[in-house]
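Below is one structure; the comments refer to it alone.
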Amino acid sequence: MLSDNFHQLKDRIHQAAINHSRAPDAIKLLAVSKQQSITTIRNLLALGQHDFGENYLQEALPKILALNSESITWHFIGHIQANKTALIARHFSWVQSVDRLKIAQRLSAARGQYQLPDLQICLQVNALQSSHKTGISLSELPELIKAVTQLPYIKLRGLMTLPDSGTEEQAFTAVASIFSTLRQQGYAMDVLSMGMSVDLEMAIAAGATMVRVGSALFGARS
Ligand SMILES: *Cc1c(COP(=O)(O)O)cnc(C)c1O
């Protein structure tokens, strides 16, 4: 049952926060609704969940359009192709998977063209440089941040990471550490998006402020 899953998940997040001396309301839940129907999204919305994440533009667009009048904040969390940036900028409020300047520039330009409020973005970090994953390396991150914060129609909110299984603890710790360093240097970031269904406790222990959860809410995907 969706409502049981939702309440159990909220309890898990709450308990993990308490166990690691974090304020429970400092950790936001992003419901990852890939492969989920409009009806399921509406049911979760009715339970009080307003932030939803999607990985694929083609899959997300009909849902976003159908739920147009609802109070949903849509986050794009998938790989971004340069030729999709205008549509992503137009239909999402957040993009968490920005990992190169060209994409950030195109998102900013499109957002300006549509005269929409600033796009909220996170930079996707690949801390351990696993070969098949997208994301910027830790060494290239400061330069990208400097460039992205100059762009007019996007607002840098933080960092996102999606580690390979088996490397979560090391990756979460590394990303949390650079997040903290960058904040000390004066970058006003407030979002550290890491942790999913199986590893959200570990991410919260390391300092996550947003967990992205699909299967623990909706059941296993096909
Ligand atoms: C699918 C996905 C999630 C959610 O994963 P679950 O294991 O279903 O909780 C989180 N983040 C990203 C980027 C994803 O693609």
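The values are calculated or read from the model by the stated rules, or taken from the named source; none is laboratory data. This one's a predicted model, so the numbers in the text were calculated from it and none came from an experiment. Glycine also receives a Cβ, built like all others from the backbone with ideal geometry; neighbour counts cover every protein chain displayed. We work out accessible area using only protein heavy atoms, side chains counted, and drop any ligands, DNA or RNA first. Shrake-Rupley method; radii C 1.70, N 1.55, O 1.52, S 1.80 Å.
List the chymotrypsin sites (Phe, Trp or Tyr not before Pro) in region 74-134 that DSSP assigns to loop (not H, G, I, E or B) and whose Cβ has at most 14 other Cβ atoms within 10 Å. Which are they?
On the way: sites: Trp74, Phe76, Phe92, Trp94, Tyr114; in loops: Phe92, Tyr114.
Passing sites in region 74-134 are Tyr114.
Using Cα pairs under 8 angstrom and six or more residues apart, how large is the relative contact order of the chain, in percent? Don't skip to the end; give the middle numbers.
Values: 387 pairs, mean separation 44.5, N = 222.
About 20 percent, as a whole number.
Whole-Hz Karplus ³J(HN,Hα) for region 193-200, in order, using 6.51 cos²θ - 1.76 cosθ + 1.60 and θ = phi - 60°, x for Gly and Pro?
9, 7, x, 10, 3, 8, 10, 5
Can you give the relative contact order of region 2-82 as a percent, counting alpha carbon pairs under 8 Å and 6+ residues apart? Walk me through the numbers on the way to the answer.
Numbers: 69 pairs, mean separation 21.3, N = 81.
Relative CO of region 2-82 lands at 26 percent.
Could you sort the peptides 34-40, 208-214 by per-residue average Cβ neighbour count (10 Å cutoff), highest mean leading?
Highest-to-lowest ranking by the protection proxy: 208-214, 34-40.
Under 5 Å between amide H atoms, partner at least 5 residues away or on a different chain: which partners does Lys155 have, H built in plane at 1.01 Å?
So Lys155 has HN proximity to Leu119, Gln120, Ile121.
Averaged per residue, what accessible surface does the chain expose to a 1.4 Å probe, in Å²?
Details: 10450 Å² over 222 residues.
On a per-residue basis, the chain sits at 47 Å².
Assuming a ≥ b ≥ c are the square roots of the Cα gyration tensor eigenvalues, decide whether the chain counts as rounded (a/c under 1.5), prolate (otherwise, with a/b larger than b/c) or oblate.
On the way: a/c = 1.64, a/b = 1.07, b/c = 1.54.
Oblate, because a/c is 1.5 or more while a/b does not exceed b/c.
Checking the a/c ratio against 1.5 first, then a/b against b/c, what shape does the Cα gyration tensor give for region 1-111?
Working: a/c = 2.62, a/b = 1.47, b/c = 1.78.
It is oblate, given that a/c is not under 1.5 and a/b is not larger than b/c.
If each residue of separation counts as 0.36 nm, what is the full-extension length gain between Gln150 and Ile38 once their alpha-carbon separation is subtracted? Mind dumping the intermediate values first?
On the way: separation 112, 0.36 × 112 = 40.32 nm, distance 3.69 nm.
That pair, Gln150 and Ile38, stretches by 36.6 nm at full extension.
Taking amide hydrogens as modeled 1.01 Å from N in the peptide plane, which residues meet the under 5 Å criterion relative to Gly53, leaving out close sequence neighbours?
Close amide H contacts, sequence-distant or interchain: Ala31, Val32, Ser33, His75.
Nearest 20 debye, what's the magnitude of the dipole of region 151-222 about its Cα centre given +1 on Lys and Arg Cβ and -1 on Asp and Glu Cβ? Mind showing how you got there, number by number?
Details: 5 positive and 6 negative charges, 74 e Å.
Rounded to the nearest 20 debye, it is 360 debye.
Mind checking which lysines have their Cα closer than 22 Å to the Cα of Lys34? Skip sequence neighbours fewer than 8 apart in that chain.
Filter leaves Lys10, Lys63, Lys84, Lys133.
If you filter region 46-138 for GluC sites (Glu not before Pro), then keep DSSP loop positions with at most 16 other Cβ within 10 Å, what is left? Please list the in-between numbers first.
Values: sites: Glu54, Glu59, Glu70; in loops: Glu70.
Counting only loop positions with at most 16 other Cβ atoms within 10 Å, the GluC sites (Glu not before Pro) in region 46-138 are Glu70.
Hey, any idea what % of region 1-59's accessible area is carbon plus sulfur with a 1.4 Å probe? Before the final figure, lay out each step's value.
Numbers: 1540 of 3170 Å².
Percent of accessible area from carbon and sulfur atoms in region 1-59: 49.
What whole-number distance in Å separates the alpha-carbon centres of region 40-110 and region 118-192?
The distance from the Cα centre of region 40-110 to that of region 118-192 comes to 19 Å.
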